[in-house]
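Scroll down for the structure; my scribbles are underneath it.
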Amino acid sequence: MTGYDRVRPCSTPAPVSPIFHTQALPPTPCMAKSPVPELAVLGGTPAFAQSLHVGRPNLGDRERLFARFNEMLDRRWLSNNGPFVQEFERRISESLGVKHAICVCNATIGLEIAIRAADLSGEVIVPAYTFVATAHALQWQEITPVFADMDPATHNLDPTLIERHITPRTTAILGTHVWGRPCAVAALQEIATRRGLKLMFDAAHAFGCSLGGRSVGGFGLAEVFSFHATKFLNSFEGGAITTNDDALAQRIRLMTNFGFAGFDKVIHIGTNGKMNEACAAMGLTCLEGINEVVAVNRRNHAAYKTSLAGVPGISLIAYDEAEQNNYQYIVIEVDESVVGLHRDELVRVLHAENVLARKYFWPGVHRMEPYCSLFPHAHLLLPETERVAGQVIVLPTGTAVSEVDVARICGLIRSALDQAPAVRARLVAAASS
Ligand SMILES: *Cc1c(COP(=O)(O)O)cnc(C)c1O
């Protein structure tokens, strides 16, 4: 996840319902003036008979995938640095312009390995506004994650708030490129260099994204991508660690495969972080179709932008058009004081319509265990994280979502806002009955 979601393989069909729109939808995504059906929370029929998910997997070409599966079975080489893994690593490092790409079974193990290979210890500064794995990968190996606040304009670490967290035990900064929008890399690198810290990135969201024309993948000491089913590029489960550091890459390779340097020869502490051939086959196939996925994501983002333009109190996060983006996340912030509904109320409205919007990354990693027990006062230095985590909604996009779907979703949001007092009253009544 980010955006993160263990998506069910099939959506649960809603009860059979009459067709939502009896009249044809207008060609432009503007529903404001057409007669609006009653919202499901107010007693109407859900707008979508099939649930719309955030992070529904994008699939590559089936024939290509099955051809690769056959090749893999014919070869009987199913794991242990097989030809598909080698090819996938080559393609990743070529497309990102980074010297080394090491595939792993998932990004969480990838983070653990990268953190250990880079010899982090003591305390590491991380965002509180990220998926919990960023912090778990440290805590799992008894390194203390120290939560720093975000810049609300970017949702990423605010470089001006880092240094207050540095102690004699601090060894590194681990940033997350939230929503694929790169961190303030230069500012973080300047602090890291000046204070003698290492710098790494959780790039789980950021495959195919750039900063200053440079692809994410080559920043800091190492970056870690996720290829989980819900992510922009998927290999069922998987990930990759990228680095331009030869010695670090070699350590990472060893650690990913039990420290084996050849038959019967173990020269390093290690674990099993290997990607298998089936996952690499999926990853390669999805990578071949990645341009179409970007095109659909970009089209959907533009459709959301048009449909939500001028809706007071709702702001859609933008992507820098001068850079490369994957447009994988449609993120809106809901200002309750303007809208008249809290983010949670709007999410309930959408869920009633079978639009399974998500509240990423609520409530913030510092409010999850074990961190909330270990650091019960962490929130005092995280005001922006607290505020933004209470306002964000992530909406469905990807190849399973059409422009018509987007227009309908935005129509539902407008409709809920137009009737905010009635919606709130109904939700309050439902909660107390
Ligand atoms: C998805 C995600 C991860 C974990 O990725 P896995 O491949 O599922 O282990 C880590 N960090 C962030 C920010 C994520 O969104």
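The values are calculated or read from the model by the stated rules, or taken from the named source; none is laboratory data. None of these values were measured; they are calculated from a predicted model. Cβ sites come from the backbone with ideal geometry, for glycine too, and all protein chains shown count toward neighbours. Only protein heavy atoms, including side chains, enter the accessible area calculation; ligands, DNA and RNA are left aside. Shrake-Rupley method; radii C 1.70, N 1.55, O 1.52, S 1.80 Å.
Close contacts from segment 56-67, counting a first residue that is among the small types (Gly, Ala, Ser) and a second that is open to solvent by less than 100 Å² (accessible area, probe 1.4 Å), with Cβ to Cβ under 7 Å and a gap of 6+ residues or different chains, come to GLY60/THR285; GLY60/CYS286; GLY60/GLU288; GLY60/GLY289. Being open to solvent by less than 30 Å² (accessible area, probe 1.4 Å), within 16 Å of the ligand (Cβ to nearest atom) and hydrophobic (A, V, I, L, M, F, W, C) holds for only one residue in PHE236, PHE225, and it is PHE225. Only one of the listed residues (GLU353, GLU336) is among the charged types (D, E, K, R), buried (at least 22 other Cβ atoms within 10 Å of the Cβ) and either touching a Gly at 6+ places or on another chain (Cβ under 8 Å) or on the phi < 0 side of the Ramachandran plot (or both). That residue is GLU353. Looking at segment 383-393, is at least one residue open to solvent by less than 60 Å² (accessible area, probe 1.4 Å) and in contact with a Ser or Thr (Cβ under 7 Å, 6 or more places away or on another chain)? Checking segment 383-393: not a single residue is open to solvent by less than 60 Å² (accessible area, probe 1.4 Å) and in contact with a Ser or Thr (Cβ under 7 Å, 6 or more places away or on another chain).
Any residue in segment 106-121 that is more than 23 Å from the chain's Cα centre (by Cα), open to solvent by 30 Å² or more (accessible area, probe 1.4 Å) and not basic (Lys, Arg)? Looking through segment 106-121, at least one residue is more than 23 Å from the chain's Cα centre (by Cα), open to solvent by 30 Å² or more (accessible area, probe 1.4 Å) and not basic (Lys, Arg). All of (1) away from the ligand (no atom under 15 Å from the Cβ); (2) open to solvent by less than 50 Å² (accessible area, probe 1.4 Å) hold for TRP179 with one exception: (1). For segment 254-286, give me each residue that is assigned to a loop (DSSP other than H, G, I, E, B) and over 16 Å from PRO83 (Cβ atoms). Passing the criteria: PHE258, GLY259, PHE263, ASP264, ILE267, HIS268, ILE269, GLY270, THR271, GLY273.
Can you tell me which residues in segment 297-316 are of a type in the set (Val, Ile, Thr) and buried (at least 19 other Cβ atoms within 10 Å of the Cβ)? Before you say what the answer is, go through the steps one by one.
At the first step, the residues of segment 297-316 found to be of a type in the set (Val, Ile, Thr) are 306, 311, 314.
Scanning segment 297-316 gives a single hit, ILE314.
The set of residues in segment 144-159 being touching a residue at least 24 places away in the same chain (Cβ under 8 Å) and surrounded by fewer than 22 Cβ atoms within 10 Å (Cβ to Cβ) consists of THR144, ASP151, PRO152, THR154, ASP158, PRO159. Could you tell me whether ALA249 is hydrophobic (A, V, I, L, M, F, W, C), within 16 Å of the ligand (Cβ to nearest atom), open to solvent by less than 60 Å² (accessible area, probe 1.4 Å) and not in a loop (DSSP other than H, G, I, E, B)? No; evaluated as a whole, the condition is false for this residue. Being open to solvent by less than 10 Å² (accessible area, probe 1.4 Å), out of contact with any strand residue (DSSP E or B) (no Cβ under 7 Å at 6 or more places or on another chain) and within 10 Å of the ligand (Cβ to nearest atom) is the requirement here; does SER210 meet it? So SER210 fails the test. Quick check: anything in segment 301-318 charged (D, E, K, R) and closer than 19 Å to GLY411 by Cβ? Yes, segment 301-318 has at least one match.
Annotation note: Cβ proximity below 7 Å between a residue of segment 295-317 that is small (Gly, Ala, Ser) and a residue that is open to solvent by less than 20 Å² (accessible area, probe 1.4 Å) (sequence gap 6+ or interchain) occurs for ALA303/VAL406; ALA303/ALA407; SER307/VAL406; SER307/ALA407; SER307/CYS410; GLY313/VAL334; GLY313/VAL339; SER315/ILE332. When ARG91, ARG76, ARG164 are checked against the criterion of being on the phi > 0 side of the Ramachandran plot and open to solvent by 10 Å² or more (accessible area, probe 1.4 Å), ARG76 stands alone in meeting it. Of the residues screened, ALA101 is one that is buried (at least 20 other Cβ atoms within 10 Å of the Cβ) and of a type in the set (A, V, I, L, M).
Let's see how each residue does on (1) more than 16 Å from the ligand (Cβ to nearest atom); (2) among the aliphatic types (A, V, I, L, M); (3) open to solvent by less than 10 Å² (accessible area, probe 1.4 Å); (4) in contact (Cβ under 8 Å) with a residue 40 or more places away in the chain:
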{"position": "ARG194", "(1), (2), (3), (4)": "yes, no, no, no"}
{"position": "MET200", "(1), (2), (3), (4)": "no, yes, yes, yes"}
{"position": "PHE219", "(1), (2), (3), (4)": "no, no, no, no"}
{"position": "ALA261", "(1), (2), (3), (4)": "yes, yes, no, no"}
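Considering only residues of segment 124-142 that are more than 14 Å from the ligand (Cβ to nearest atom) and open to solvent by 10 Å² or more (accessible area, probe 1.4 Å), which is farthest from ALA206 (Cα to Cα)? Among them, the one singled out is GLU142.
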